[in-house]
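Q: First the structure, then my questions, so here it is.
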Amino acid sequence: SPNPKKKTMVKLIYAVIILLFVLATTAMGKPSCETVSKRLAPCLSYIQGRYHSIKPSGRCCRGLIDISNMMKNRGDYSTVCKCIKKVLLHTNYDPKRFQTGSQQCNTGYTLPPVGHTTTC
């Protein structure tokens, strides 16, 4: 006859696999404006051209890499673009700094110059 301990263990393993699958698909869901905002925060002085920011900081680069990865996906491009515009709505900045910064940070996918008038 089957071992009851073995049955419980198999059920537990299946539960863990299902839980991991659910967590993975949730993590890969649509990018949120909150996430975009957090990734942009370390880049504010850079995209505003303040403090003679010639090169983005390490934290800014990590944020730009994350944003770049979000924008690679065609369906998420528009969402991320709209989030950037929303987050920076009342901020004066140089949209070209997204492009320049992503090149300096080697993001893989060069970010477009998202400005207040950009059509997402």
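Read-outs throughout are calculated quantities, based only on the coordinates presented, and are distinct from any laboratory measurement. Just so we're clear, the structure is a prediction, and the values are computed from it rather than from any experiment. Methodologically, a virtual Cβ is constructed for each residue, glycine included, from the backbone with ideal geometry; neighbour enumeration extends over all protein chains shown.
Q: Run the reach check for Lys38 against aspartates and glutamates, Cα to Cα strictly under 12 Å, same-chain hits fewer than 8 apart removed. What comes back?
A: Asp66
Q: Which distance in nm do the two modelled labels at Tyr109 and Lys30 give, with both placed 7 Å along the Cα-to-Cβ direction?
A: 1.7 nm
Q: What full-extension length gain, to one decimal in nm, is calculated for Leu44 and Ser78 as 0.36 nm per residue of separation minus the Cα-Cα distance?
A: Numbers: separation 34, 0.36 × 34 = 12.24 nm, distance 2.10 nm.
Extending this stretch completely gives an extra 10.1 nm.
Q: Distance in nm between label sites at Lys55 and Thr91, each 7 Å beyond Cα in the beta-carbon direction?
A: 2.2 nm
Q: Checking the a/c ratio against 1.5 first, then a/b against b/c, what shape does the Cα gyration tensor give for the range 49-120?
A: oblate
Q: Of the listed peptides 69-81, 38-50, what is their order by residue-averaged count of other C-beta atoms within 10 Å, with the highest listed first?
A: 38-50, 69-81
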